[in-house]
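Trainee: One structure coming up, written as structure tokens, with questions to follow.
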Amino acid sequence: MDYLELPFNKKLALLREHSFGCEWPNLEQEQWCLHCRKKFSGHAARVWADGKGRLWLECGTPGCDGSPIDWAPFPWWDPTYSAPKKSRKNPGTRGRHTPGTRSPKRRKKDKGNDDDVPF
């Protein structure tokens, strides 16, 4: 598989749009891959295109094919870590709706395309 070299701004935009719960203020930001259990930066994250030209993201650790669904803020397990409040609402309810908070907006699927990959 051949990986693509994207301009920094395009790679950062892809990471921001397709990461679940991870913030990417810049490409130096480190995240944790739950798939390989290692940290990586936005610079190291890999991008590749399939036969239809769709872009895919992979963990930046060599040999790991973890995708954005496998990524968590680094170091998410450390209670002294001061993540931005926006991304760390309530660690005990991660991924669930809590009373008094708004549910995330859901994207409408393209009726003409049954592919659920957003990019």
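Bear in mind these aren't lab numbers, they're just calculated from the coordinates by the rules spelled out. In this text the structure is predicted, and so the values were computed from the model without any measurement. Glycine gets a Cβ as well: all are built from the backbone with ideal geometry, and neighbour counts include every protein chain shown.
Trainee: Looking at the square roots a ≥ b ≥ c of the eigenvalues of the Cα gyration tensor of the range 8-76, which shape do they give, rounded for a/c under 1.5, prolate if a/b is larger than b/c, or oblate?
Mentor: oblate
Trainee: Please count, across the range 8-76, the pairs of lysine residues with Cα atoms under 21 Å apart that sit 8 or more places apart or on different chains.
Mentor: Qualifying lysine pairs in the range 8-76: 4.
Trainee: Taking the Cα centre of the range 8-76 as the origin, how large is its charge dipole in debye, to the nearest 20, when only Lys and Arg (+1) and Asp and Glu (-1) carry charge on their Cβ atoms?
Mentor: The calculation lands at about 120 debye.
Trainee: If you take the charge dipole of the range 30-78 about its Cα centre, with +1 on Lys and Arg Cβ and -1 on Asp and Glu Cβ, which of Trp71, Gly51, Ser41 is farthest toward its positive end?
Mentor: Farthest towards the positive pole: Gly51.
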